[in-house]
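Below you'll find the structure, written out as structure tokens, and then a few comments.
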Amino acid sequence: MKRGFRLLGWALLLSSAPPACGGDIGGDVAGGEASGGDGGAGATTASSAGGGGAGGEGATTSASAGGEGAGAGPTGACAELAPGPIEPKRITDVFSGSEDFAFNGQGHIVAKQGPNLIRYDATGQTSNFASLPGAVLGLRYRPDGTLVAALPEAGAVVEISTIGVVSDFVEGLSTPNGLSADADGNVWATETAGNRVIRLNPDATVDEIAGGEPEVSQPSGIVFDPARRVVFYTNASAGEIRRIDLAARDDEPARPALVTTVASAVLDGLVLDTCGHLYTIDNKDRGLYRVRLDATGAALGEPELLASFPTSVANAQFGSGPGFNGKTLYVGGAAGSIYAVALDIGGAPVPAPPEAP
């Protein structure tokens, strides 16, 4: 297996109970129509060079259109988001053994159950997908349909093919944790024990984007924002969200900027909506927060507590694929439950497989 490290100065047959709510899981009725019923925004692949967020299910729009799109300021619909608290709905508790989960865009949530990765559909049916013993932290799809999984105990990120074959990708990491794929097949990642933010390239080489305390201290969640050319990540125990501007000159060291802090929180996963606002999980007090951002990625006001959960949670993803609502944020964690939090906005586009695995 080819693996290298380069320093750049700047730079995821059983059955279960049916779902708790009918129709699209997590779907609410607004204005007489089901919102986000086709699963939409999360199923669209973003361009790493573009500036578009998803203006609606399955559609890609310019960041400047009507104030929508990742990176837009709080205008139009982006300024009218419903505040919390929002009551979460538990849709399933069949998972165990992984903090993260992924939508394959074809009507399944993929996550761990014991030593296996399983697929869960909106009818409540599950099926084995691949064998993957041990703890799993980050879990994300790349645009070619392969799933990547962070194995903290092995210090490795593995890839799982569309037919469930597990193979080595990158080894020699210090507690790999959060993962975020981009449209070019790169995987942005955090090393919790190594205090690094890194990029795993398709050829299995590794670029260090930033590292070293206190700017990078027990990093956990991560999300790549192609519209702003920014990487956001959380410093878990510090309760911080920070950002790295990837447009900086190659010969300048990365200087991660502080976006916001959630007092007394242990922050984990990150996800972006179509307006370019961030959502993060406090896995100590089991809360979901929204952080409204301007076009540069700076925070507009304090983090908003949107929902609280009865069991531990760590990561969130907007719905994608048949049966899952594109304007619902799905939240889960190692306890095995997945919750639906109905919002009035979709997710920013993320890579999704071209066909069902």
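Remarks
- Boolean, Val148 is at pLDDT 95 or above and either more than 25 Å from Gly107 (Cβ to Cβ) or in a loop (DSSP other than H, G, I, E, B) (or both): no
- Matching residues in segment 258-288 - criterion: being out of contact with any Phe, Trp or Tyr (no Cβ under 7 Å at 6 or more places or on another chain), farther than 14 Å from Gly178 by Cβ, open to solvent by 20 Å² or more (accessible area, probe 1.4 Å) and not aliphatic (A, V, I, L, M): Thr261, Ser264, Lys284, Asp285
- Taking the conditions (1) open to solvent by less than 20 Å² (accessible area, probe 1.4 Å); (2) in contact with a strand residue (DSSP E or B) (Cβ under 8 Å, 6 or more places away or on another chain); (3) more than 21 Å from Gly134 (Cα to Cα) in turn, Arg196 satisfies each one other than (1).
- Residue check, Ala340 open to solvent by 10 Å² or more (accessible area, probe 1.4 Å) and more than 14 Å from the chain's Cα centre (by Cα): no
- Selection status of Pro310, closer than 20 Å to Glu87 by Cα and open to solvent by 10 Å² or more (accessible area, probe 1.4 Å): yes
- Per the listing Phe129, Phe101, the residue uniquely open to solvent by less than 40 Å² (accessible area, probe 1.4 Å), among the aromatic types (Phe, Trp, Tyr) and more than 20 Å from the chain's Cα centre (by Cα) is Phe129.
- Hits in segment 202-221 - residues which are polar (S, T, N, Q), open to solvent by less than 60 Å² (accessible area, probe 1.4 Å) and either under 20 Å from Val136 (Cβ atoms) or modelled with pLDDT under 95 (or both): Ser220
- Selection count where residues are under 19 Å from Gly319 (Cβ atoms), aliphatic (A, V, I, L, M) and modelled with pLDDT of 75 or more, scope segment 57-115: 10
The values are calculated or read from the model by the stated rules, or taken from the named source; none is laboratory data. Predicted model only: the values in this text are computed from it and were never measured. Virtual Cβ from ideal backbone geometry, glycine too; neighbours counted across all protein chains shown. Each accessible area value is taken on the protein alone, full model and side chains, heavy atoms only, with ligands, DNA and RNA left out. Shrake-Rupley method; radii C 1.70, N 1.55, O 1.52, S 1.80 Å.
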